[in-house]
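The structure appears below as structure tokens.
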Amino acid sequence: MTRAAQGDPIDTASKMEMIPDPSEEFLDAFSGGSAGIIVECDFCGRVYFSTSDHGDYEEGELESLRANAEKEPDGCIEVDYFTSRVEVDGKTYAYGCKCNKVRRYEDFIWLHRREILAYIKARMEKRLKAAKEDMEIARGALTAAKLSEDEAEGERELLRKLLKKYPDESRVHHYIMGERTDIAGRTLGEKTP
Ligand SMILES: [Zn+2]
């Protein structure tokens with residue numbers, strides 16, 4: 001079964017409606033750089049297949065596509081370029097497809113551009129506010145970390161003094177190991193028994 005046969009029946013009514021082309025700007029903005037040798041337009045079911053490179057077709061696939069094109073020239077269309085996929089509303093529109101069915105999305109965006117820009121601004125401001133709050137929290141955490149770093153430096157400074165005063169390193173080692181009462185109260189400065 002070919003892609004043309006799998007797709008929705010061709011909506012001939014759309015041809016009659018004479019929907020204007022979507023703009024290049026709109027198509028480029030939504031195409032995201034993806035293109036293929038066979039692209040089916042989800043909006044109308046037309047299949048565009050490229051003959052600019054035969055390498056990627058499975059055996060007999062191109063012949064089958066050409067046979068479909070012969071049978072249904074408006075549903076299966078041979079082109080000499082890779083067709084870009086334009087992703088709109090969860091569906092793929094084949095770039096340049098004559099159904100032009102993405103045009104209404106563009107019309108909606110363009111017609112409501114002021115409202116849309118106001119909406120985007122409001123959403124962005126909300127996100128920016130949340131980001132600023134997160135930054136404040138992060139800054140607070142950094143300050144706390146800096147304080148404990150200062151405290152650690154205070155400890156090291158004390159140890160340096162102790163080492164200088166009491167060159168018996170094992171005593172200071174006790175201090176480092178956390179046996180502070182022993183060191184500070186009685187043992188420190190005494191000779192090891
Ligand atoms: Zn189409």
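Taking a straight line from the alpha carbon of Lys165, these lysines sit under 18 Å away, with near neighbours fewer than eight places off in the same chain left out: Lys191. Here the label points at Glu70 and Ser52, each 7 Å from Cα along the C-beta direction, are separated by 2.6 nm in the simple model. Note on Ser31 and Phe108: their simple-model spin labels are 2.3 nm apart, each label 7 Å out from Cα toward Cβ. Taking the average, over residues, of other Cβ atoms within 10 Å as the packing measure, peptides 89-95, 114-120 rank 89-95, 114-120 from highest down.
Rule-based calculations on the coordinates, nothing more; no lab input. Here the structure is a predicted model, which means the values were calculated and not measured. Cβ: placed from backbone, ideal geometry, glycine included. Neighbour counts: every protein chain shown.
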